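Notes for the one structure printed next.
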Amino acid sequence: MSVFCLLLCFCAGRPGASSEKITGYNFLQPDASLILPDTLREISGLTVIDSSTVACVQDENGILFLYNIVSNQIVRQHRFTIDGDYEGITRIGKTIYVLRSDGVLFEIVNYEDTLSAVNKYATGIPSANNEGLCYDPDNNRLLIACKGKAGKGPEHKDRRAIYAFDLAKKTLSQEPVFDFELQEIKNFAAQHKVEFPQRVKKKDGSSDVVIKFRTSAICIHPLTKRLYLLSAADHALFIFGPGGLPEHIELLDPGIFNKSEGITFFSNGDALITNEAQNKKPTLLRFNYTGS
């Protein structure tokens, strides 16, 4: 029997979660759960290799890990660069890209060869802290998400950006390809009755919803083409449609998603989400896709 085991605890979810449900997933109940080895305690990103293997990084070492989700073990690892803060990973054929938090990309030309060439690209992204990386096959580009504001000055305070890295030219887009207004996200949450925490303003005693919208991982759904964005700081999953318009916000149970730092999909739509350990064990959760 597979070491994947069904969670025994059925959680009611966070109070105030949207009454709308994502078609095709039940994020209140993982279909399977793995406790990862301590080596992956700070797992910060993953990408699917095949039906039983994922590639992943953790945010302290420049090491690529190949992890078998059936045997629950690291099957291979090799160092591609020095230690640093590595936050995102994605695969295109036999090439793997890894994102360092300062926006530098590492291109591992053939991940199957431990002696493979590794190319390095300083993207020049304006944010000093970046955590989301995914492949956009329809546009032959990588998407890089800023965790916080993308620049200095008050005009950037309540904006969140995603830039594109052109795979043919190996250059970053001058302007964001997705530019989110935090207030628009708050308005969408209010309209759809997604109840985030509230805080009281000291000046006038009025209340305001608390949405940090600090991207920890992004991925494009292989079937619906929607953009999935995790914000571990909010314990929330945001789904955007064409043009970056919000379509759904799912509040995630902190008991299951203590610190979600990675998301990827199998070709059939099944989702994998990873959680860093913090004061718990690192986990990998599978959510089977039942169709739209």
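The values are calculated or read from the model by the stated rules, or taken from the named source; none is laboratory data. Note that the structure is predicted; figures quoted are calculated from it, not measured. Here the Cβ positions follow ideal geometry from the backbone for every residue, glycine too, while neighbour counts run over all protein chains shown. Quick note on the areas: whole protein, heavy atoms, side chains included, nothing else; ligands and nucleic acids left out. Shrake-Rupley method; radii C 1.70, N 1.55, O 1.52, S 1.80 Å.
Miscellaneous remarks
- Some residue of segment 262-272 being in contact with a Leu (Cβ under 8 Å, 6 or more places away or on another chain), within 22 Å of Arg100 (Cα to Cα) and of a type outside the set (A, V, I, L, M, F, W, C): yes
- Between Ser101, Ser71, the distinction of being buried (at least 17 other Cβ atoms within 10 Å of the Cβ) and not aromatic (Phe, Trp, Tyr) belongs to Ser101 only.
- Scan of segment 67-98 for residues that are touching a residue at least 24 places away in the same chain (Cβ under 8 Å) and among the aliphatic types (A, V, I, L, M), ordered by number: Ile69, Val70, Ile74, Ile89, Ile92, Ile96, Val98
- If you filter segment 262-292 down to residues that are aromatic (Phe, Trp, Tyr) and part of a strand (DSSP E or B), you find that the one that is least open to solvent (accessible area, probe 1.4 Å) is Phe287.
- Qualifying residue in segment 173-183 (condition: within 20 Å of Val98 (Cβ to Cβ) and at pLDDT 95 or above): yes
- Any pair with Cβ under 6 angstrom, 6 or more apart, that starts in segment 177-194 at a residue that is in a strand (DSSP E or B) and ends at one that is among the basic types (Lys, Arg): Phe180/Arg160
- Within segment 185-197, the set of residues being open to solvent by less than 70 Å² (accessible area, probe 1.4 Å) and of a type in the set (A, V, I, L, M) comprises Ile185, Ala189, Val194.
- When segment 54-65 is filtered for residues that are open to solvent by 20 Å² or more (accessible area, probe 1.4 Å) and part of a strand (DSSP E or B), only Ile63 remains.
- Any strands (runs of 3 or more DSSP E) falling wholly within segment 198-261 and containing at least 3 residues that are surrounded by fewer than 18 Cβ atoms within 10 Å (Cβ to Cβ), touching a helix residue (DSSP H, G or I) at 6+ places or on another chain (Cβ under 9 Å) and not β-branched (Val, Ile, Thr): none
- Flag for Thr171 being open to solvent by 40 Å² or more (accessible area, probe 1.4 Å), closer than 25 Å to Thr123 by Cα and among the β-branched types (Val, Ile, Thr): yes
- Some residue of segment 78-93 being in a loop (DSSP other than H, G, I, E, B), open to solvent by less than 70 Å² (accessible area, probe 1.4 Å) and among the charged types (D, E, K, R): yes
- Number of the condition not met by Ile162 [criteria: (1) in contact with a helix residue (DSSP H, G or I) (Cβ under 9 Å, 6 or more places away or on another chain); (2) within 20 Å of Leu40 (Cα to Cα); (3) not small (Gly, Ala, Ser)]: (2)
- Each residue in segment 111-168 was checked for being assigned to a loop (DSSP other than H, G, I, E, B) and either in contact (Cβ under 8 Å) with a residue 40 or more places away in the chain or surrounded by 12 or more Cβ atoms within 10 Å (Cβ to Cβ) (or both), and 18 of them qualify.
- Within segment 170-183, one or more residues are closer than 22 Å to Phe238 by Cβ, hydroxyl-bearing (Ser, Thr, Tyr) and out of contact with any Ser or Thr (no Cβ under 7 Å at 6 or more places or on another chain).
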